[in-house]
Amino acid sequence: MINEIEKGNDVQKPEDINPEITRNFVDFIKEKSETGKYRVEVKVGDKTFSIDVFPTVFPPRSDYSVSSKSVFETFGNLQGLEVADIGSGSGIESIVAVMAGANHVDAADINQQAVDCSRHNVEINNLKNSIEVFYSDLFSNFPKKKYNLIIANLPIVNFDAGDSPINQALYDNGFEIHRKLFTEAKDFLAENGMITFTHANLQSAKTTNPDYDFIVLEKLVDECGYEIFEKVEREDLGYKWVNYKIKVKQND
Ligand SMILES: C[S@@+](CC[C@H](N)C(=O)[O-])C[C@H]1O[C@@H](n2cnc3c(N)ncnc32)[C@H](O)[C@@H]1O
């Protein structure tokens with residue numbers, strides 16, 4: 001745990017938490033997502049590639065999408081690995097995973113426009129032999145395979161904001177999507193396989209308990225039978241961003 005401010009088994013929620021804190025962030029993403037299709041150049045190390053972003057799809061390169069960058073910057077060498085990208089959005093993580101050496105990537109998104117967008121970007125980057133994209137609620141419509149790495153850059157704002165496609169890209173009320181992901185992923189992880197995702201204190205950064213967002217998620221990781229074996233922290237936009245790598249606990 002980053003900060004031990006727990007009461008019994010329950011994490012104490014700061015009284016000054018305010019969902020409005022994330023409003024600018026959310027407004028920016030909504031505005032961007034409603035502008036129609038636009039192209040961005042993505043730079044990874046010394047390589048650059050283009051992707052098109054369709055309406056309602058999470059913008060993969062902006063001042064606000066620190067999470068996308070944060071996930072793939074911790075990939076390392078994925079040579080020969082079977083990879084799943086759950087919540088693929090524009091497909092950026094899948095494409096970077098192949099650039100990092102992944103053998104094959106299966107990607108999923110619950111937003112049809114994100115599925116279409118991922119497929120389009122796979123095609124324009126000539127990666128149809130390496131990446132397959134499924135319309136799927138987490139693993140519900142996914143191949144019954146085992147993966148060495150599951151990338152899960154899912155929504156991270158713990159707030160109920162309704163279920164429009166862009167809200168589905170941003171909000172995970174009570175971390176229910178994460179709970180489902182951690183539970184279902186056990187059937188899809190190869191031996192020693194791992195899940196990677198990024199989290200930020202978008203709700204609690206400016207409260208009396210800035211680490212509250214992390215404490216809640218780390219408690220969930222533990223409850224679902226996983227252990228954290230790597231955490232990479234960075235500060236950006238006034239928030240803390242943590243990239244996690246987790247594995248199923250040995251005795252689970
Ligand atoms: C924060 S965006 C990240 C998109 C992309 N991976 C990136 O890094 O730019 C989260 C994505 O998860 C998708 N998503 C949300 N709930 C999902 C679910 N239950 N199953 C599959 N995808 C989901 C959203 O539609 C959205 O595209």
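Here are some notes:
- Solvent-accessible surface of the chain, taken per residue with a 1.4 Å probe and all protein chains present: 46 Å².
- Carbon/sulfur fraction of accessible area - the chain, other protein chains in place, 1.4 Å, %: 45 percent
- Shown here are the Rg and Dmax of the Cα trace of segment 109-215, at 15.6, 50 Å.
- The listed peptides 65-73, 139-147, ordered by packing as a protection proxy, come out as 65-73, 139-147 (highest mean of other Cβ atoms within 10 Å first).
- Among ASN126, ASN103, ASN158, the largest mean-square fluctuation in a Gaussian network model of the chain (Cα springs under 10 Å) belongs to ASN126.
- Highest-first arrangement of 44-57, 85-98, 108-121, where packing means the average Cβ count within 10 Å: 85-98, 108-121, 44-57
- Extension reserve of the GLU176-THR208 stretch, reckoned as 0.36 nm per residue once the Cα distance is removed: 9.1 nm
- Partner lysines for LYS186 [C-alpha distance under 16 Å; skip if fewer than 8 residues away on the same chain]: LYS144, LYS145, LYS146, LYS245, LYS247, LYS249
- Spatial separation of Cα centroids for segment 115-132 and segment 161-183, in angstrom: 25 Å
- Residue among ALA200, ALA102, ALA161 with the largest mean-square fluctuation in a Gaussian network model of the chain, springs linking Cα atoms under 10 Å: ALA161
- R0 of 51 Å, Cβ-Cβ distance GLN112-LYS249: FRET efficiency to nearest 0.05: 0.90
- Computed over the chain, the per-residue total of -39500 (n - 2.57) for DSSP H runs of n ≥ 4 gives a 222 nm mean residue ellipticity of -7500 deg cm²/dmol, rounded to 500.
- Scaled against 2.2 N^0.38 Å for its residue count N, the alpha carbon radius of gyration of segment 55-248 is 0.95.
- Built amide H within the under 5 Å cut-off of LEU189, gap 5+: TYR147
- Amide H contacts for VAL53 (H built 1.01 Å from N in the peptide plane; partners 5 or more residues away or on another chain; cut-off under 5 Å): TYR38, ARG39, VAL40.
- Straight-distance candidates among the aspartates and glutamates for linking to LYS43, with alpha-carbon spacing under 15 Å and chain neighbours fewer than 8 residues away dropped: ASP52, ASP63, GLU73, GLU93.
- Take the Cβ atoms of ARG23 and THR183, set R0 to 51 Å, and the FRET efficiency comes out at 0.95.
- Straight-line reach from LYS206: taking Cα to Cα under 20 Å and skipping same-chain neighbours fewer than 8 places apart, the lysines in range are LYS13, LYS240.
- Per residue, the convex hull spanned by the Cα atoms of segment 186-242 measures out at 88 cubic angstrom.
The values are calculated or read from the model by the stated rules, or taken from the named source; none is laboratory data. On a predicted model such as this, the values are computed, not experimentally measured, just so you know. For neighbour counting, all protein chains shown are included, and Cβ atoms are generated from backbone atoms with ideal geometry for every residue, glycine included. Protein only, heavy atoms only, side chains kept; ligands, DNA and RNA dropped before computing areas. Shrake-Rupley method; radii C 1.70, N 1.55, O 1.52, S 1.80 Å.
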